[in-house]
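Only one structure is covered here, and it is reproduced in the block below.
Bear in mind these aren't lab numbers, they're just calculated from the coordinates by the rules spelled out. A quick note: this is a predicted structure, and the numbers were derived from the prediction, not measured. Ideal geometry is used to build each Cβ from the backbone, glycine not excepted, and the neighbour counts take in all protein chains shown.
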Amino acid sequence: MKAGHYNRSVGDLKQRLSAAVPHDLLKELHRKEPLRHFAVVLRQALLFAGAFAAGWTVESFWVRVPAAVLLGFCVFDGTVLLHEVVHRAVFRTDRPRAYRALGLLYALPSGISPTQFTRWHLDHHAELGSAVDDPKRAHLSPKRNSRLLKLLYATPALFPIYFRAARKETATYPAPLRRTIALERLAATALHLGVATAIGLLGGWERLVWLWAVPVFLVFPPAFALNRLGQHYDVVPGEPAKWGTRMARSRFWETVYLWSNYHLEHHYFPAVPFYRLRELNAGLTPFFTQEGVRERRYRDLLGDWLLRNRAPHTDWSVPAARL
């Protein structure tokens, strides 16, 4: 059984957060607009279809490379859409069957189990700050502060790393939940192998490489690794308001990552839909200033992570020699 580390550790943080954002604004930020959510889904589907069609019909390297990159990010963004389902941030009322269907659909591009992702992610929220009970930190973060190990997370090695981490955490779940997860993984694997086989048979090995292998195995891992770098690696362990990384507002990264670059804001108010996180970030500016939550950019985080070899879940504002 988990201990609920986050709620036991944050003190009056939730009260300070509620006081920092005007009530009417906070209420508006929590309002769900299903049409807006599905407009994002439609945009992603059109981007995926367009990139797939371009990569299929045009054999030029200069078309297939950007098409593969776009496909890979669309695959990653499926996990962001699944994340909205986990937090019931799509519909204005609870619709269990619709959420179940959407969860299965959004999990297909990446091949993960929506049931496993749901349990894993909600435990991550409840146990944030714990090195033992937060599954992301306990099983997925690098245990050795090695540049080579860090780089592996941006390669196809991410898949055995992730599934090993998931297997460890899943072993603690009740048997019925484990069976559901196993069935979902089996179905997802069969689907991916079926799609790969169809592409290979109908289009040949080159299309198989550019339209499936490269997006899934070469683009998805660095997209995942960079996104995660902006979540909980540069933190201040003793200050719960800083248990996530505040990222600078960026229209580019909002588009690329479907607003999941605002991960700290999401932990503050998990029920706010992703398309309102930019507004939430702006509304929290006075709070960030008062609390001394510094703003970061991905390029700077990459410098700290790889060039300066900073350890995960530590305060990267402190000179390395003093850590």
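Nearest 10 degrees, 0 to 90: what angle lies between the long axis of helix 158-170 and the longest principal axis of the chain (Cα atoms)? Value to nearest ten degrees: 60. The label-point distance for VAL318 and THR93, in a model that sets each label 7 Å from Cα toward Cβ, rounds to 5.1 nm.
Backbone amide hydrogens, once placed in the peptide plane, bring VAL235 within less than 5 Å of HIS313, THR314, ASP315, TRP316, excluding anything fewer than 5 places away on its chain. A straight Cα-to-Cα reach below 25 Å connects LYS242 with the lysines LYS2, LYS14, LYS27, LYS136, LYS143, LYS150, residues fewer than 8 places away in its own chain not being considered. Note on segment 219-254 and segment 110-161: Cα centroid distance 14 Å, given to the nearest whole angstrom. Around the amide H of ARG246, modelled in the peptide plane, lie the amide H atoms of ARG296, all under 5 Å away and 5 or more residues distant in sequence or on another chain.
Principal-axis analysis of the Cα atoms of the chain puts helix 220-229 at an angle of about 0° to the longest axis. Model label sites at LEU149 and VAL63, defined 7 Å from Cα along the beta-carbon direction, differ in position by 4.4 nm.
The order of the peptides 148-157, 219-228, 258-267, 130-139 by mean Cβ neighbours within 10 Å, most packed first, is 258-267, 219-228, 130-139, 148-157. Computing mean projected area of the Cα convex hull in nm² for the structure here picks out one of (i) 24.4; (ii) 30.0; (iii) 17.1, namely (iii). Rounded to the nearest 10 degrees, the angle from helix 61-86 to the longest Cα principal axis of the chain is 50 degrees. What FRET efficiency would be calculated for the residue pair SER9, ARG308, taking the C-beta separation as r and a Förster radius of 35 Å, to the nearest 0.05? Using R0 = 35 Å, I get an efficiency of 0.80. If R0 equals 22 Å, the separation of the Cβ atoms of ARG299 and LEU46 corresponds to a calculated FRET efficiency of about 0.15. Derived scalar couplings between HN and Hα for segment 43-58 equal 4, 5, 5, 5, 4, 5, 5, x, 5, 5, 5, 5, x, 7, 8, 10 Hz in order, rounded to whole Hz, by the Karplus curve 6.51 cos²θ - 1.76 cosθ + 1.60 (θ = phi - 60°), x for Gly and Pro. When you filter the chymotrypsin sites (Phe, Trp or Tyr not before Pro) in segment 13-54 for DSSP loop state and at most 13 other Cβ atoms inside 10 Å of their Cβ, nothing is left.
For the peptides 276-283, 10-17, 85-92, the ranking by packing is 276-283, 85-92, 10-17, with the highest mean count of neighbouring Cβ atoms within 10 Å listed first.
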